[in-house]
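One structure is given here, and the rest of the page talks about it.
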Amino acid sequence: MRLYSAQAMREADQRATALGYPSLVLMDTAGRRTAKRLLQHYVGRKIAVLCGKGNNGGDGLVAARWLAYWGHPVAVYAAEGQEGDAATMRAALQAHGLAIAPLSSWEPENHTVVLDALFGTGLRGPLEGFYKALVEKVNRSGLPVVAIDLPSGLPYQPHIRADLTVALGGLKPEHLFYPHRSACGRIVLDSIGMPPRALDNPELPELLCQASMRPLLPIRPGNAHKGAVGRVLVVGGHRSYTGAPSLAALGAYRSGAGLVTVAYPADCQVNPPLEAVRLPLLEWNTTHLQTTRAEAVAVGMGAGEGGMEAALAALGLQKPTVLDADALQDKVLQAYRKAGLPTVLTPHPGEASRLLGLPSEQIAHSPLEAAQALARRYPGLVVVLKGGPTVLACLPPQTPTSQPLLAVNSTGNPSMATGGMGDVLAGVIAALLAAGLSAWEAARLGVYVHGLAGDRVSRTGLLAHEVAEAIPEALKQLGSGVVRDFWEPGFY
């Protein structure tokens, strides 16, 4: 699956038309599917359809026509000046004898549900004047709102606050990224019959979902033993952060690592899981770390001012590595880049801000762009920019002028914003690296499973160790193919 910008969706429409799929058919399908979805949730209601001038308004006119054809009470309020396919659909609606009232005449008192077909993707600025006032009136009405494709006004303020959004053709960034996702309510992803070739665009961000993540799960043979399924070395800890390496070790074990060793400063009271091997050290150096065997390393969790020294010592092991927290320093990342090792870095927006020299607010506001900037700065390394949702990026070193690979996670929830959650994630990804996955595969699967575990326990409490404990069930759920994506499937 891919995540579609407004421009990418327009290009898909154009490709479909060029392939011989009429744009009127696309619009008719979009409106009909929206009408069906509305009736699934709000059957028997008095429906007010609010239509703008563009294609989104055309979709609304089609939906109104089908609703009326199926015998449901519907009133249409539309803007004047519609052109192209929308004008054609307006005429088709009038041919059915359904009156169209001016948008300015809509009042909420006579209706029990609103179909928002004012604006879709591609707004170039906030709504003003009449449309601003109309959106605010809809929100004040308290009526349930079904939005076609996107709640009108997104990604700006003000915007419609929808109870249900019917995403057409593909998901858009506003369906994934907070705070815009909160305005969408429940999300249904529905097809509009577009030819698959028209939608195919490998340059768009991948949307992580169970269909693409399930094949990445490592296969554990029947004669497996602890030395054959992946050994992980966790390097971190500080007097003030003794829990971080322990959480990373727990995340690694719960993700299938056969043996985990925790290396930490000898003056710290680190208490790793009972099953872990303890390696207290007086100083960070490669020789001391080489006393244990590992297929992958996670370094930096809670390391404090020793983060750089610990990471450079771990570099000497020449193993696939996850760099987290205090290991995320430019000198360290440049060294790993030059070494050419499979490496995953897992910054949160504050750490990304320091690495890029940009305000953290800018990172949080534009995570796709920030992840790409990190990937270009550290080609060959896999970037996991944690957030709501997490974004992954990587620029293959052999093609430094190409577009970075991009992926957006679809699991997880805001309740996971608690201390230690990133430490668990580092351990999860390290275990998958140790199991033989590539850095890009391990990062994508690790982020997805970590978020899925968070979704499993979100109703009962959400401490980092609780998420770690839920990872085996999340892996089992993914392996059985019964994961429900956050969006409802449509009529694909």
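Does VAL166 satisfy the condition of being within 28 Å of SER105 (Cβ to Cβ) and aliphatic (A, V, I, L, M)? Yes.
Identify all residues within the stretch 342-352 that are farther than 13 Å from ALA325 by Cα and either surrounded by fewer than 16 Cβ atoms within 10 Å (Cβ to Cβ) or of a type in the set (Gly, Ala, Ser) (or both); write none if there are none. Break it down stepwise before answering.
Taking the stretch 342-352 and keeping what is farther than 13 Å from ALA325 by Cα, we get 342-343.
If the condition is that a residue be farther than 13 Å from ALA325 by Cα and either surrounded by fewer than 16 Cβ atoms within 10 Å (Cβ to Cβ) or of a type in the set (Gly, Ala, Ser) (or both), then no residue fits.
Selection of the stretch 174-210 for residues being in contact with a helix residue (DSSP H, G or I) (Cβ under 7 Å, 6 or more places away or on another chain), hydrophobic (A, V, I, L, M, F, W, C) and assigned to a strand (DSSP E or B) yields ILE187, VAL188. If you go through the stretch 152-183 and pick out every residue that is under 15 Å from LEU118 (Cβ atoms), in contact with a strand residue (DSSP E or B) (Cβ under 8 Å, 6 or more places away or on another chain) and surrounded by fewer than 24 Cβ atoms within 10 Å (Cβ to Cβ), you end up with 1.
Whether a residue is out of contact with any Gly (no Cβ under 7 Å at 6 or more places or on another chain), hydrophobic (A, V, I, L, M, F, W, C) and in a helix (DSSP H, G or I) was assessed, and ALA244 does not pass this test. Evaluate the following for LEU217: is it surrounded by 24 or more Cβ atoms within 10 Å (Cβ to Cβ) and farther than 27 Å from HIS365 by Cα? Criteria not met by LEU217.
Each residue in the stretch 371-407 was checked for being of a type outside the set (A, V, I, L, M) and either within 20 Å of the chain's Cα centre (by Cα) or not assigned by TED's automatic domain parsing to the domain that holds GLY350 (or both), and 9 pass. Considering TYR156, TYR178, the condition of being within 17 Å of the chain's Cα centre (by Cα) and touching a residue at least 12 places away in the same chain (Cβ under 8 Å) is satisfied by TYR178 alone.
Here the condition is being over 23 Å from TYR448 (Cα atoms), assigned by TED's automatic domain parsing to the domain that holds MET301 and of a type in the set (Ser, Thr, Tyr); of SER360, SER366, it holds for SER360 alone.
Restricting LEU250, LEU323, LEU317 to residues that are among the aliphatic types (A, V, I, L, M) and either surrounded by fewer than 24 Cβ atoms within 10 Å (Cβ to Cβ) or more than 30 Å from PRO472 (Cα to Cα) (or both) narrows the list to LEU317. Residue pairs whose Cβ atoms lie under 9 Å apart, separated by 6 or more positions or on different chains, with the first residue in the stretch 21-44 and among the β-branched types (Val, Ile, Thr) and the second modelled with pLDDT of 95 or more and part of a helix (DSSP H, G or I), are THR29/VAL62; THR34/ASP59; THR34/GLY60; THR34/VAL62; THR34/ALA63; THR34/TRP66. Taking each residue of the stretch 117-129 that is more than 27 Å from VAL74 (Cα to Cα) and looking for partners that are modelled with pLDDT under 95 and loosely packed, with under 13 Cβ neighbours inside 10 Å with beta-carbon atoms closer than 8 Å, six or more apart or interchain, yields GLY122/GLN7.
Condition first: in a loop (DSSP other than H, G, I, E, B) and not hydroxyl-bearing (Ser, Thr, Tyr). Now tell me which residues in the stretch 254-265 satisfy that. Those that are in a loop (DSSP other than H, G, I, E, B) and not hydroxyl-bearing (Ser, Thr, Tyr): GLY256, ALA257, GLY258. Scanning the stretch 183-197 for residues that are among the small types (Gly, Ala, Ser) and either in the same structural domain as LYS386 (by TED's automatic domain parsing) or at pLDDT 95 or above (or both) returns ALA183, GLY185. Applying the criterion of at least 1 residues that are β-branched (Val, Ile, Thr) to the helices (runs of 4 or more DSSP H) found wholly in the stretch 353-435 leaves 360-365, 421-434. For ALA335, indicate whether it is surrounded by fewer than 18 Cβ atoms within 10 Å (Cβ to Cβ), over 22 Å from the mean Cα position of the chain (by Cα) and farther than 30 Å from LEU207 by Cβ. In short, yes.
Does the stretch 455-464 contain at least one residue that is touching a residue at least 24 places away in the same chain (Cβ under 8 Å), part of a helix (DSSP H, G or I), acidic (Asp, Glu) and surrounded by 24 or more Cβ atoms within 10 Å (Cβ to Cβ)?
In the first step, residues of the stretch 455-464 are kept if they are touching a residue at least 24 places away in the same chain (Cβ under 8 Å); the result is 455, 458, 462-464.
Checking the rest, the ones that are also part of a helix (DSSP H, G or I) come to 455, 464.
In the following step, the residues that additionally are acidic (Asp, Glu) were identified as 455.
If we keep only those that are surrounded by 24 or more Cβ atoms within 10 Å (Cβ to Cβ) as well, we get none.
No, the stretch 455-464 contains no residue that is touching a residue at least 24 places away in the same chain (Cβ under 8 Å), part of a helix (DSSP H, G or I), acidic (Asp, Glu) and surrounded by 24 or more Cβ atoms within 10 Å (Cβ to Cβ).
For beta carbons closer than 7 Å, sequence separation of 6+ or different chains, a first residue in the stretch 53-76 that is under 16 Å from ALA91 (Cβ atoms) and outside the structural domain of LEU154 (by TED's automatic domain parsing) and a second that is buried (at least 19 other Cβ atoms within 10 Å of the Cβ) and polar (S, T, N, Q), there are no qualifying pairs. Looking at GLU351, GLU305, GLU309, just one residue is under 26 Å from SER246 (Cβ atoms), of a type in the set (D, E, K, R) and touching a Leu at 6+ places or on another chain (Cβ under 7 Å), and that residue is GLU351. On the stretch given as the stretch 266-303, residues that are surrounded by fewer than 22 Cβ atoms within 10 Å (Cβ to Cβ) and not in a loop (DSSP other than H, G, I, E, B) total 8.
The values are calculated or read from the model by the stated rules, or taken from the named source; none is laboratory data. Note that the structure is a prediction, hence the values are computed from the model and not measured. Positions of Cβ are generated from backbone atoms using ideal geometry, with glycine treated the same way; all protein chains shown enter the neighbour counts.
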